[in-house]
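Colleague: So that we are looking at the same thing, I have put the structure below in structure tokens.
The values are calculated or read from the model by the stated rules, or taken from the named source; none is laboratory data. Note that the structure is a prediction, hence the values are computed from the model and not measured. Neighbour counts run over all protein chains shown; Cβ positions are idealised from the backbone, glycine included. For accessibility, only protein heavy atoms count, side chains too; no ligands or nucleic acids. Shrake-Rupley method; radii C 1.70, N 1.55, O 1.52, S 1.80 Å.
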Amino acid sequence: MSGEGIIKFSNSSVDRAAVEEMITRGDYLVIAGDEKVLASLPSGNWIAGTIPYFMTSEGGKVEQDRLYVNQISGFAPGQVPRMSLYDVNSISRIAQEAPEQGFTILILPSGSQVHLDYAQNAPDYKNMYFSPIVGWISGVHLDELSERSAKVGFGPASGMLSDTQAAAMHIPLTDQQVAKIKIINLFQQGAGSVIRFAEKGFSVTTANIGGVDLSFADYIRENKIDTRLPLVANYSGVMINVSIQEVLDDKVNLYAPVFSDVDYYFAKPVDNYVEEFNTALPAEDTDNVAFCCNCILNFLYSELEGKKTGKLTGPITFGEVGYQLLNQTMVYLTLESV
């Protein structure tokens, strides 16, 4: 695609000096990188999230000295992206403030109240699903979980970093393009018992399993459940995962919330992640990809460091946003001609 008003994305893993040059030029950027590098960036037209894990064109990498950049260009006159910060009291407005014709890229810091509110309540936000919202949950190097908090960066405010607010870039499109969110989830519901929960949340004590109320932690231990496999629910034909964080004596902590009165099943095992991923990826989509992210659990459990997953590159994240919060999925957004 070419011409005025046709939005184009350029994606690359680069060093700090190259990003500074883009910022100085006035480019609009969505950046991922380690906090130590993000903290030194000048103010400008950018939002960012902390993470040192990436899927690059050379394969999966852990890089604390480089940045992954989505560079956005091609705006129509008077139609440039609008950047906003949201806290726990304002995040519910994000869909109302999204462009009527366009899409939003959203980054939320892992473990923050704004992250938890979005995870549990986004499906009920006003105007949700009217305009595509895509993005990710920022994180830290896994060796530094107890030392540092996940943050987002906001270029317009002198490059501030925050662990309590979410950063969004609302990107308008002309009627020549349409944005579409695509989700690759290799997990399907297994053949075990149906599992239901009485309340929504990130922590579970009891579950109704096959019609019987049981300790969820005991059930996992006694049945030797592989906790690398997520719970999977069918949301109107879309498979949504809820990943297990840890199994304690009397409760199970999760990376995403479960919801009440939804049928969950533990997933079927995936034999060869890279092979099945490449089979699942529609070849015709890859030339139109504007944004992509993949889950840290996929990166770890499938040993993706050094391995390639097709042409899709981007940050490896602590959660994915495809309208609502997702887990153990790859999310990407395409810009397609109308």
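Colleague: Of all residues in the stretch 35-90, which are of a type in the set (A, V, I, L, M) and farther than 26 Å from T174 by Cα?
Modeller: The answer is V37, L38, A39, L41, I51, M55, V62, L67, V88.
Colleague: A further question on this structure: Check whether at least one residue in the stretch 210-225 is within 23 Å of P269 (Cβ to Cβ), under 27 Å from the mean Cα position of the chain (by Cα) and open to solvent by 40 Å² or more (accessible area, probe 1.4 Å), and report yes or no.
Modeller: Yes: one or more hits.
Colleague: Output the residues belonging to the stretch 140-158 that are under 25 Å from L333 (Cβ atoms), open to solvent by less than 50 Å² (accessible area, probe 1.4 Å) and more than 17 Å from the chain's Cα centre (by Cα).
Modeller: If the condition is that a residue be under 25 Å from L333 (Cβ atoms), open to solvent by less than 50 Å² (accessible area, probe 1.4 Å) and more than 17 Å from the chain's Cα centre (by Cα), then F154, G155 are the ones that fit.
Colleague: Does I184 count as of a type outside the set (S, T, N, Q), under 22 Å from P99 (Cβ atoms) and crowded, with 17+ Cβ neighbours inside 10 Å?
Modeller: No, not satisfied.
Colleague: Take the residues in the stretch 15-47 that are hydrophobic (A, V, I, L, M, F, W, C) and touching a Phe, Trp or Tyr at 6+ places or on another chain (Cβ under 8 Å), then tell me which one is farthest from C295 (Cα to Cα).
Modeller: Here the answer is I23.
Colleague: Also, I was wondering about something else. Given the stretch 5-83, what strands (runs of 3 or more DSSP E) lie entirely inside it while holding 3 or more residues that are under 18 Å from E305 (Cβ atoms)?
Modeller: Per the criteria, 53-56, 59-62.
Colleague: Right, something else. Considering the stretch 14-37 alone, what residues qualify as being open to solvent by less than 30 Å² (accessible area, probe 1.4 Å) and within 19 Å of the chain's Cα centre (by Cα)?
Modeller: Within the stretch 14-37, L29, V30, I31, A32, G33, D34 qualify.
Colleague: If I filter the stretch 124-138 for residues that are of a type in the set (S, T, N, Q) and touching a Ser or Thr at 6+ places or on another chain (Cβ under 8 Å), do I get at least one hit?
Modeller: yes
Colleague: Could you tell me how many of the residues in the stretch 104-139 are among the aromatic types (F, W, Y), under 15 Å from the mean Cα position of the chain (by Cα) and not in a helix (DSSP H, G or I)?
Modeller: Of the residues in that region, 1 qualify.
Colleague: Same structure again: Only one of I225, I240, I220 is outside any helix (DSSP H, G or I) and farther than 16 Å from L326 by Cα; which?
Modeller: Unique residue meeting the criteria: I225.
Colleague: From (1) of a type in the set (A, V, I, L, M); (2) at pLDDT 85 or above; (3) surrounded by fewer than 22 Cβ atoms within 10 Å (Cβ to Cβ), pick out the condition that doesn't hold for A283.
Modeller: (2)
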